[in-house]
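The block underneath contains the structure these notes are about, expressed in structure tokens.
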Amino acid sequence: MFWQEDIKEEHFTLPDDVQDAVFNIHSKVLPIDHAYLLSQALLSEFPWLAEVNAGIHDISVADGNGWEQDHESGFYYPSKRSKLSIRIPKDKLSEIGSLAGKTLDLGEYQIKIVKALEPKLMSDMQIVFAKYVACDSQLDENEFLEVSFNQLKTLGIHPKKMMAGLERKITTPDGIIHTRSLMVADLRKSESVKLQEQGIGEHRLLGCGLFVPQKGIESVDAV
């Protein structure tokens with residue numbers, strides 16, 4: 001855990017340069033470890049995703065929030081609240097909107113893109129959370145926090161509080177990507193937005209380094 005004193009709030013206007021394109025979807029079943037399959041399916045539709053600062057959120061939420069997950073079998077069953085979110089520059093929103101009505105082919109699995117929803121701006125909340133941050137599997141918690149702190153400093157972000165969470169693995173044909181969740185708190189509003197826009201670490205198209213607003217720090221170990 002990394003903890004410093006609180007900061008004062010400041011006036012801030014939300015920018016719209018980077019937004020989350022959001023879609024309602026329908027899928028009967030998906031592997032929990034689906035990041036690579038999803039990224040390949042979307043790259044086949046939009047190769048430019050690899051050329052811009054894009055990120056693909058995994059299609060999942062925390063246990064107990066309306067999803068049936070079977071960790072022993074490695075599968076879960078999306079509900080009507082299931083969403084696909086893709087973080088992209090504003091000028092790509094109209095193009096990505098053409099996904100509506102299509103079916104993404106993930107090999108043995110399919111995702112029907114039901115309709116496009118209103119895009120979401122980045123949040124100015126002072127607490128943000130990344131479910132996956134790519135890291136060296138040999139790092140302990142304190143080492144992971146130190147690496148993350150240095151990555152944030154490179155962006156001009158000076159975190160006051162950070163907490164590491166669960167370790168997970170993402171499977172790709174090139175090998176296993178080790179990740180750890182990360183909560184960053186007491187950010188300035190401008191820092192929060194910048195972190196969501198830029199992310200940290202590699203593999204954004206696999207859902208890594210993508211931060212979302214978090215209401216509190218109490219449940220970070222469960223997400």
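The values are calculated or read from the model by the stated rules, or taken from the named source; none is laboratory data. The structure presented is a predicted model; accordingly, all values stated were derived computationally and were not measured. Here Cβ is always computed from backbone atoms with ideal geometry, including for glycine, and neighbour counts include all displayed protein chains.
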Query - Single condition C135 does not satisfy, out of (1) buried (at least 18 other Cβ atoms within 10 Å of the Cβ); (2) over 21 Å from V212 (Cβ atoms); (3) of a type in the set (A, V, I, L, M, F, W, C) - result: (2)
Requested in this report: Output yes when any residue across the stretch 145-163 is of a type outside the set (A, V, I, L, M), on the phi < 0 side of the Ramachandran plot, surrounded by fewer than 18 Cβ atoms within 10 Å (Cβ to Cβ) and in contact with a helix residue (DSSP H, G or I) (Cβ under 8 Å, 6 or more places away or on another chain), and no when none is.
Outcome: yes
Report task. Could you check N53 against (1) closer than 20 Å to S192 by Cα; (2) at pLDDT below 95; (3) surrounded by 17 or more Cβ atoms within 10 Å (Cβ to Cβ) and say which number it fails? Result -> (3)
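Could you tell me which of the residues R180, R168 is of a type in the set (D, E, K, R), modelled with pLDDT of 95 or more and closer than 20 Å to G55 by Cβ? Walk me through it before giving the result.
Details: R168 fails: modelled with pLDDT of 95 or more.
One residue alone meets the criteria, R180.
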**Report entry** Where a residue in the stretch 143-172 is in contact (Cβ under 8 Å) with a residue 40 or more places away in the chain and its partner, wherever it lies, is part of a loop (DSSP other than H, G, I, E, B) and surrounded by 17 or more Cβ atoms within 10 Å (Cβ to Cβ), with Cβ under 6 Å and at least six apart
**Finding:** Q151/I200; L152/P159; K160/D186; K161/D186
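Yes or no, residue by residue, for (1) over 13 Å from N24 (Cβ atoms); (2) among the basic types (K, R); (3) at pLDDT 95 or above:
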position	(1), (2), (3)
Y76	yes, no, no
I88	yes, no, yes
D91	yes, no, yes
S98	yes, no, yes
G107	yes, no, no
L117	no, no, yes
Y132	yes, no, yes
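Do any strands (runs of 3 or more DSSP E) lying entirely in the stretch 128-211 carry at least 1 residues that are of a type in the set (S, T, N, Q) and under 27 Å from A41 (Cα atoms), and which ones are they?
Numbers: elements: 128-134, 161-172, 175-185.
Result: 161-172, 175-185.
Of the residues K112, K80, which is farther than 22 Å from G199 by Cα, in contact with a His (Cβ under 9 Å, 6 or more places away or on another chain) and assigned to a strand (DSSP E or B)?
Result: K112 is the single residue among K112, K80 that is farther than 22 Å from G199 by Cα, in contact with a His (Cβ under 9 Å, 6 or more places away or on another chain) and assigned to a strand (DSSP E or B).
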